[in-house]
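Participant: Pasting a structure below so you can have a look.
The values are calculated or read from the model by the stated rules, or taken from the named source; none is laboratory data. Just so you know, these numbers come straight off a predicted model, no measurement behind them. Cβ sites come from the backbone with ideal geometry, for glycine too, and all protein chains shown count toward neighbours. With ligands, DNA and RNA removed, areas are computed over all heavy atoms of the protein, side chains included. Shrake-Rupley method; radii C 1.70, N 1.55, O 1.52, S 1.80 Å.
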Amino acid sequence: MAVMWSSVASRDGFRESASGMAETNAPAKSYGTLAVIGAGAWGTSLALTAARAGRAVRLWAREPEVVEQIARERQNLTFLPGLPLPSAIAATGALAQAAAGAEALLIACPAQHLRATLKAVAACAARNAPLVVCAKGIEKATGKTVTEVLGEAAPGFEPAVLSGPSFAIDAAKGLPTAVTIAARLDVAERLQASLGHAAFRPYASDDLIGVALGGAAKNVYAIACGIVEGMGLGESARAALLARSFAELTRLGTALGARSETLAGLSGLGDLVLTATSPQSRNFRFGRDVGRGRPIAELRQPGRPLAEGADTAPALILRGRAEGIELPVAETVAAVLDGTLALDASIARLMSRPLRPE
């Protein structure tokens with residue numbers, strides 16, 4: 001089946017055209033040189049995406065061995081093996097070298113390390129360069145979204161966020177992928193022009209709150225759906241949980257000022273469906289292992305695949321309480337993970353809630 005990437009310009013960015021015909025305005029000017037801060041699987045995949053779009057890319061890696069692998073083997077053997085990296089990608093272990101002269105910077109570090117990373121980047125990046133947060137999560141200590149952390153850690157910089165239903169390996173292999181980039185709209189359109197190519201479709205938006213929240217919350221709900229799978233409760237239960245999870249996301253998003261069309265789009269519902277239904281998702285696999293009875297302490301040991309939703313769950317609840325929003329699914333996940341609620345009691349808690357209109 002052919003993939004049709006058609007769009008029309010709108011107040012909210014670019015949406016799929018109902019007619020299927022492409023209607024475009026004059027293309028925005030792209031950023032020529034991009035820096036990607038973080039050379040994990042997602043950061044490396046974004047560097048590949050930018051290089052395929054014709055950009056020069058500086059990829060910063062915390063790990064000296066990754067810098068050496070890319071220089072010597074033209075591969076990131078540690079985090080994304082088997083995919084050659086073109087010469088347009090230059091790896092470095094010096095943050096100032098990566099940031100210097102970059103016209104836009106993509107920040108691809110784990111959400112719980114975002115504040116420290118942004119402070120370090122802000123000290124050496126050009127003030128007029130957009131900082132594009134590509135992490136998905138909520139800061140555990142504060143309950144703040146990644147864009148709120150960006151505003152505090154790097155004041156004065158142009159804020160942006162990239163999120164959507166995207167596995168790093170799919171984008172790296174050049175499989176069709178669509179995401180949302182939120183920023184001031186003229187900046188979002190320039191970022192869109194800088195990263196878009198035949199297999200990577202960025203949609204522009206100016207709803208930073210909605211895009212950031214959708215990318216964070218879906219990891220928590222993916223763990224919940226994984227638990228249902230691991231406990232063998234059936235597809236009907238998982239579908240119901242997925243729908244109620246989206247209802248929670250919508251309630252909180254509305255309270256924070258996110259637009260309903262953003263929450264129902266790629267970075268909200270789209271990312272939730274992908275992450276909460278695919279064994280390729282780290283958060284879904286984590287939840288499935290929990291549902292099968294594997295010790296949570298074992299699953300969270302250093303060196304295990306990172307499941308951001310485990311840290312995001314208590315932070316999401318913190319934010320929900322601050323806004324007066326009930327999040328029963330997220331609260332149940334957090335209680336199971338911190339050991340205050342037995343696994344078998346978790347479903348009973350959700351099923352015994354008072355009956356009410358949908």
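Participant: Only one of L208, L242 is hydrophobic (A, V, I, L, M, F, W, C), under 30 Å from N128 (Cβ atoms) and touching a helix residue (DSSP H, G or I) at 6+ places or on another chain (Cβ under 6 Å); which? So that I can check it myself, show each step before the final result.
Facilitator: Working: L242 fails: under 30 Å from N128 (Cβ atoms).
Answer to the check: L208.
Participant: Only one of these conditions is not met by E152: (1) free of Cβ contacts under 8 Å to residues at least 40 places away in the same chain; (2) on the phi > 0 side of the Ramachandran plot. Which number is it?
Facilitator: Only one criterion is unmet by E152, namely (2).
Participant: Oh, and also: Kindly indicate which of L118, L105, L83 is open to solvent by less than 50 Å² (accessible area, probe 1.4 Å), modelled with pLDDT of 95 or more, more than 11 Å from G38 (Cβ to Cβ) and not in a helix (DSSP H, G or I). Reasoning before the result, please.
Facilitator: Working: L118 fails: not in a helix (DSSP H, G or I); L105 fails: more than 11 Å from G38 (Cβ to Cβ).
None of the others qualify; the one that does is L83.
Participant: Identify the single condition in (1) under 20 Å from the mean Cα position of the chain (by Cα); (2) at pLDDT below 95; (3) under 29 Å from S205 (Cβ atoms) that E358 does not satisfy, given that it satisfies every other one.
Facilitator: So E358 meets the others, but not (1).
Participant: Ok, one more. When V149 is evaluated against the numbered criteria (1) in a loop (DSSP other than H, G, I, E, B); (2) at pLDDT 95 or above; (3) among the β-branched types (V, I, T), which criterion, by number, is the only one it fails?
Facilitator: (1)
Participant: Still on this model: For R244, indicate whether it is open to solvent by 40 Å² or more (accessible area, probe 1.4 Å) and either in contact with a Lys or Arg (Cβ under 7 Å, 6 or more places away or on another chain) or under 18 Å from T277 (Cα atoms) (or both). Reasoning before the result, please.
Facilitator: Working: open to solvent by 40 Å² or more (accessible area, probe 1.4 Å): yes; either in contact with a Lys or Arg (Cβ under 7 Å, 6 or more places away or on another chain) or under 18 Å from T277 (Cα atoms) (or both): yes.
When the stated conditions are applied, R244 passes them.
Participant: Scan region 58-80 residue by residue and report those that are among the basic types (K, R) and surrounded by 15 or more Cβ atoms within 10 Å (Cβ to Cβ).
Facilitator: From region 58-80, those among the basic types (K, R) are 58, 62, 72, 74; that's our starting set.
Across region 58-80, the qualifying residues are R58, R62.
Participant: A follow-up question, please. Between residues in region 318-330 that are farther than 23 Å from I227 by Cα and residues that are open to solvent by 40 Å² or more (accessible area, probe 1.4 Å) and in a helix (DSSP H, G or I), which pairs lie under 6 Å by C-beta distance while being six or more apart or on different chains?
Facilitator: So the pair list comes out as E323/A255; I325/R251; I325/A255.
Participant: Taking R55 and the conditions (1) basic (K, R); (2) in contact (Cβ under 8 Å) with a residue 12 or more places away in the chain; (3) open to solvent by 40 Å² or more (accessible area, probe 1.4 Å), which numbered condition does it fall short on, given that it satisfies the others?
Facilitator: (3)
Participant: Now a separate question. Do the conditions hold for R288, that is, is it open to solvent by 70 Å² or more (accessible area, probe 1.4 Å) and assigned to a helix (DSSP H, G or I)?
Facilitator: On the way: open to solvent by 70 Å² or more (accessible area, probe 1.4 Å): no; assigned to a helix (DSSP H, G or I): yes.
Criteria not met by R288.
Participant: Quick check: is even one residue across region 187-208 within 13 Å of the chain's Cα centre (by Cα) and open to solvent by 20 Å² or more (accessible area, probe 1.4 Å)? Working first, answer last.
Facilitator: Step one: of region 187-208, the residues within 13 Å of the chain's Cα centre (by Cα) are 208.
If we keep only those that are open to solvent by 20 Å² or more (accessible area, probe 1.4 Å) as well, we get 208.
Within region 187-208, one or more residues are within 13 Å of the chain's Cα centre (by Cα) and open to solvent by 20 Å² or more (accessible area, probe 1.4 Å).
For (1) open to solvent by less than 60 Å² (accessible area, probe 1.4 Å); (2) within 18 Å of A297 (Cα to Cα); (3) not charged (D, E, K, R), each residue gets a yes or a no:
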residue	(1), (2), (3)
L318	no, no, yes
P328	yes, no, yes
V333	yes, yes, yes
A348	yes, no, yes
